[in-house]
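Take a look at the structure set out below.
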Amino acid sequence: MSRRSFLAGAVAAPALAALAGCAGTVVQPGDLSRLRMMVPASPGGGWDTTARTLQRVIQQAGVARNVQVFNVEGAGGTIGLGQLARDDDDALLMMMGLVMVGAVDTNDSTTRLTDVTPIAQLIGETELIVVPAESPHDDLASFVAAWAADPRGTPIAGGSAGGTDQILAGLLAQAAGIDPVQVNYIPYSGGGESLAALLGNQVAAGISGTADYGEQVTSGTLKGLAVSTAERSGQVPDVPTIIESGFDVEVTNWRGLMARPGMSEDAREDLIALVQDAHDSDEWAEALENNGWLDTFQTGDEYGEFLAEEETRVRQILTEIGLIP
């Protein structure tokens, strides 16, 4: 039995068990019998959904006995990122993704992704462009024509400033000949909040992941105009791609996990092994299918290299669309 498997299945003595229930307390180095997972955004959004799905899978598959998910909201996840950088708990993971890569620059975060430890990339997800059910627009071309005529008067809801949703809005504006600086983008801290704005007809359109808006498109409470990936999404198969709709734009959102800085190599490998076990489970395969997620799993140094490339790519896009100098 591996060291990680032994620790995940071990039963602590009563005194140690009491300590294990205290958030931030490491019972002993490398003990992953209990795990904390930070979601640096409000409940109900993509990061939250992914974290709580992973929590369920870890426990159902017997990878760890106890997994606590908690939310730390604000600034595109950079408040949570700063908190992670100050933590000393080896049994703490933070959910994050492409949104945070941009938010680090747009929020002038003093903590960067290089200040924490990459563990694994988990999934890719299709972005979905929607309008309220009462909107006069039934396709992306119709909406873009109205948007081009009055970009400031066409508010678009999405996630945190500088994140995937705003990047997609900026790239689509560029492709449509709209000055990205004129885009009236309204950031929300989670998909649940932007959904409420759409259902309340407070905005003209919304951009988020299929997990956030897909159910409402299927039920007819929102109209799906386009998805952002090269192929249609199985979650909303009747919604065309942006490319099919006549605009040369393709974006795939992704989510992954980070851990505290300064951890030992053994502690990092234990976390990677735990996430690998969860990824390899039948329960995770079912979750990928049910949520329409793409399996983009990679770990450790490979994931770290990917993050470095994404930082460069996103910084260039944010500069082009006028979000950072």
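The values are calculated or read from the model by the stated rules, or taken from the named source; none is laboratory data. The structure presented is a predicted model; accordingly, all values stated were derived computationally and were not measured. Neighbour counts run over all protein chains shown; Cβ positions are idealised from the backbone, glycine included. All accessible areas refer to the heavy atoms of the entire protein, side chains included, with ligands and DNA or RNA removed. Shrake-Rupley method; radii C 1.70, N 1.55, O 1.52, S 1.80 Å.
Between residue 319 and residue 56, the simple label model (points 7 Å from Cα in the Cβ direction) yields a spacing of 4.3 nm. With the simple spin-label model, which puts each label point 7 Å out from Cα in the Cβ direction, the residue 219 to residue 302 separation comes to 3.9 nm.
Computed over the alpha-carbon pairs of segment 165-226, the distance histogram in 10 Å steps reads 21, 52, 26, 1 percent, short to long. Of all DSSP bridge pairs formed entirely within segment 107-208, close to 40 percent run antiparallel.
Here the extension length gained between residue 149 and residue 290 equals 46.9 nm, from 0.36 nm per residue of separation less the Cα-Cα distance. Roughly how many percent of the accessible protein surface of the chain is carbon and sulfur, given a 1.4 Å probe and a whole-percent answer? Answer for the chain is 49 percent, counting heavy atoms of protein chains only. Put simply, the amide H of residue 324, placed in the peptide plane, has neighbours under 5 Å in 319, leaving out anything fewer than 5 places away on its chain.
Across segment 316-322, coupling constants 3J(HN,Hα) worked out from phi with the 6.51/-1.76/1.60 Karplus curve, θ = phi - 60°, read 5, 5, 4, 5, 5, 9, x Hz, and Gly and Pro carry x. Note that the chain presents 40 Å² accessible area per residue, ligands and nucleic acids not counted, probe 1.4 Å. Shape summary of the chain, radius of gyration then Dmax from alpha carbon positions: 20.2, 68 Å.
Could you work out the local net charge near residue 102, counting Lys and Arg as +1, Asp and Glu as -1, over the other residues with Cβ closer than 13 Å to its Cβ?
-3
Rounded to whole Å and ordered largest first, report the semi-axes of the equivalent ellipsoid of segment 83-134 derived from its Cα gyration tensor (root of 5λ). Intermediate results must be reported in sequence, preceding the final value.
Numbers: eigenvalues 159, 48, 21 Å².
Working from the Cα gyration tensor, I get semi-axes of 28, 15, 10 Å.
Across segment 192-325, Cα-Cα pairs farther apart than 24 Å form 49% of the total. For residue 238 and residue 265, what is the calculated FRET efficiency with R₀ set at 45 Å and r taken between the beta-carbons, to the nearest 0.05? With R0 = 45 Å, the Cβ-Cβ based efficiency is 0.40. Principal axis extents of the C-alpha atoms in segment 17-171 (largest first, rounded to whole Å): 62, 36, 21. The ellipsoid that matches the Cα gyration tensor of segment 118-251 has semi-axes, each √(5λ) in whole angstrom, of 19, 17, 16, with the longest given first. The helix-based estimate of mean residue ellipticity at 222 nm for the chain, built from -39,500 (n - 2.57) per DSSP H run of four or more residues and divided by its residue count, is -12500 deg cm²/dmol to the nearest 500.
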